[in-house]
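Below is one structure; the comments refer to it alone.
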Amino acid sequence: MYFEFARVAFLKILAYRLRYFTGILTYFINVSVYYFIWRAIYSAGPNTAGYDLEQIVTYVAVGWIIRSFYFNNIDRDMAAEVSEGKIAVNLIKPVDTQMMYLSQTVGESCFRFLMFTLPIALCIFLVYPVRPPASFSSGALFVVSCLLALLIFALINFMVGTCALQIQSILGVIRAKYFIMEFTSGLLLPITFFPQGLQRLLFFLPFPHVSYTPLQIYLGRARGMAAYQALAVQLFWIAALFLAGRAYWRAATRRLSIQGG
């Protein structure tokens, strides 16, 4: 049943595949901007916070590449369904709502990987000095970590989307989540660049395990047991967010006012 939700989501996005060609250009421009910024910063010195120029370029480039894979709009979709009254249809379906949205995300990510992530990666690797994974094992664990990051991001979005059941309009919440995630996930800046106190705080949250953890494995800065421990922490957050999201959904649907129609 849930495979069908994933398949339908894949086909639905396939109907709007042309918009991803403009997305490829957008991501390439983002990486280009950061490349020239970091090159200007590193002109003053060969090393910053333990990263040389080639490492930080690889960090930024691969970070945007994997973002094109794990990014999803569960929260926006849920908010739209609430405002239009379509959420009532989902509530009467004989399916687990949380699993339904996660399945749709998997289908969407399969499409994004084929039509979005691979072309972006090809363009960036051809133009900029991006390093390959530190080793074969690092590359394999990096792929696993990216799949776990996808689930963490989707589960966070599910909880944000569930807010729409109670406050109806969550556009402000979604925007706040977007900026918080960009900053605290390590996408814009490695967590090690932050003050020590802030680093310790962030590592108690799930956000760094969306971008920072996969990138540390890719670069070989987390090897062996450290890499497996990082994957274990990601699994912990998946379990914690899954249970928290399920509990929040049940509480939010006990009393629900449907709008739209």
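The values are calculated or read from the model by the stated rules, or taken from the named source; none is laboratory data. The structure presented is a predicted model; accordingly, all values stated were derived computationally and were not measured. In this analysis, Cβ positions are derived from the backbone assuming ideal geometry, glycine residues included, and neighbour counts consider all displayed protein chains. Side chains included, ligands, DNA and RNA excluded: accessible areas come from the protein's heavy atoms. Shrake-Rupley method; radii C 1.70, N 1.55, O 1.52, S 1.80 Å.
Which percent of the accessible heavy-atom area of the chain goes to carbon and sulfur, probe 1.4 angstrom?
That fraction is 69 percent.
Kindly give Rg over Rh for segment 108-255, based on alpha-carbon atoms, with the Kirkwood expression for the hydrodynamic radius.
Value, to two decimals: 1.00.
Mind putting a number on the dipole of the chain about its Cα centre? Charges go on the C-beta only, +1 for Lys and Arg and -1 for Asp and Glu, and I need it in Debye to the nearest 20.
260
Along each of the three principal axes of the Cα atoms of segment 103-143, give the extent in whole Å, ordering the values from largest to smallest.
34, 25, 9
At 25 °C and a viscosity of 0.890 mPa s, what translational diffusion coefficient does Stokes-Einstein give for segment 143-227, taking Rh as the Kirkwood radius over Cα pairs? Give it in µm²/s as a whole number.
176
State the Cα centre-to-centre distance between segment 154-215 and segment 227-250 in whole Å.
Their Cα centres are 14 Å away from one another.
Note the per residue figure in Å³ for the convex hull of the C-alpha positions in segment 186-242.
Each residue corresponds to 78 Å³ of Cα convex hull volume.
Tell me the Kirkwood hydrodynamic radius of segment 47-113 in angstroms, computed as one over the mean inverse distance between distinct C-alpha pairs.
Its Kirkwood hydrodynamic radius stands at 14.7 Å.
Note the full-extension length gain between Asn90 and Ser137 as 0.36 nm times their separation in residues minus their Cα-Cα distance, in nm to one decimal.
Gain on extension, Asn90 to Ser137, equals 12.8 nm.
Relative contact order for the chain using alpha-carbon pairs under 8 Å, separation at least 6, rounded to a whole percent?
Relative contact order, the chain: 29 percent.
For segment 71-138 and segment 21-58, write down the distance between their C-alpha centroids in whole Å.
That distance is 25 Å.
Could you state, as a whole-number percent, how many of the C-alpha pairs of the chain are farther apart than 24 Å?
51
Work out how much length Ala252 to Phe21 would gain on full extension: take 0.36 nm times their residue separation and subtract the Cα-Cα distance, in nm to one decimal.
79.4 nm
What are the extents of the Cα atoms of segment 144-192 along their three principal axes, listed from largest to smallest and rounded to whole Å?
36, 22, 11
Put +1 on the Cβ of every Lys and Arg and -1 on every Asp and Glu Cβ in the chain; which of Pro132, Phe236, Ala88 then has its Cα farthest towards the positive end of the dipole?
Projecting each Cα onto the dipole axis, the largest value belongs to Ala88.
Please compute the length gained on full extension between Phe179 and Asp52, using 0.36 nm multiplied by the number of residues separating them and subtracting their Cα-Cα distance.
Length gained between Phe179 and Asp52: 43.1 nm.
Rounded if a/c is under 1.5, else prolate if a/b is larger than b/c, else oblate: which is segment 43-170, with a ≥ b ≥ c the root eigenvalues of its Cα gyration tensor?
It comes out prolate by the Cα gyration axes.
Along the Cα→Cβ direction, 7 angstrom out, place labels at Leu171 and Ala240. What is the inter-label distance in nm?
3.3
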